[in-house]
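Note sheet for the following structure.
The values are calculated or read from the model by the stated rules, or taken from the named source; none is laboratory data. What you see is a predicted model; the values in this text were computed from it and never measured. Neighbour counts run over all protein chains shown; Cβ positions are idealised from the backbone, glycine included.
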Amino acid sequence: MGVRIRVAKPGEEQRLKWIQREAWSPETSPAPPQSSGRSIFDGPVEAGNVLVADENGLVVGFSKLVPLATSYPDLANATAHVQQLHGFSVLPNYRGRGIGRMMLDAVRTESLRRGATRITLRVLATNERAMRLYRAAGYEIEGRLRNEFRIGDRFVDDVLMALELPA
């Protein structure tokens with residue numbers, strides 16, 4: 001497999017938006033895919049915080065990794081050890097080939113490089129495929145926000161997961 005994980009480039013934003021739309025389903029996100037008018041690189045999610053899966057020059061997936069401190073600037077010192085996985089998408093035709101696992105390995109490596117001792121994420125309880133992937137990579141369920149979202153005619157739990165890293 002000719003896949004490598006690298007940092008996204010600002011010029012790849014349209015491709016990333018397309019991947020996000022193609023990978024979206026009501027089982028994976030309570031919100032519809034990002035509109036073409038908003039930037040994937042807004043706020044804490046700048047290009048340097050997006051890792052892409054590149055297969056022979058074609059981006060087929062991406063993950064957004066941001067420091068928790070960007071969400072809570074007043075608590076920057078107290079949260080400096082935590083990175084958050086804010087988004088994770090692999091094109092449907094490329095799933096089941098180990099790309100997601102490669103991306104999670106890269107997220108772990110980048111988090112360690114940043115000095116993190118913890119990675120957190122949120123995943124819908126309906127996204128069983130992602131939860132299996134996260135568990136296989138060592139993430140553990142730490143909490144559940146019951147009925148946090150209403151998607152269509154049903155309520156869906158938001159599952160909180162984390163991976164502890166060596167200090």
So which of 77, 93, 56 ends up being farther than 22 Å from residue 148 by Cα, at pLDDT below 90 and over 13 Å from the mean Cα position of the chain (by Cα)?
-> 77
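To keep it simple, each residue is scored yes or no on (1) surrounded by 18 or more Cβ atoms within 10 Å (Cβ to Cβ); (2) in contact with a strand residue (DSSP E or B) (Cβ under 9 Å, 6 or more places away or on another chain).
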residue	(1), (2)
48	no, yes
57	no, no
62	yes, yes
100	yes, yes
105	no, yes
108	yes, yes
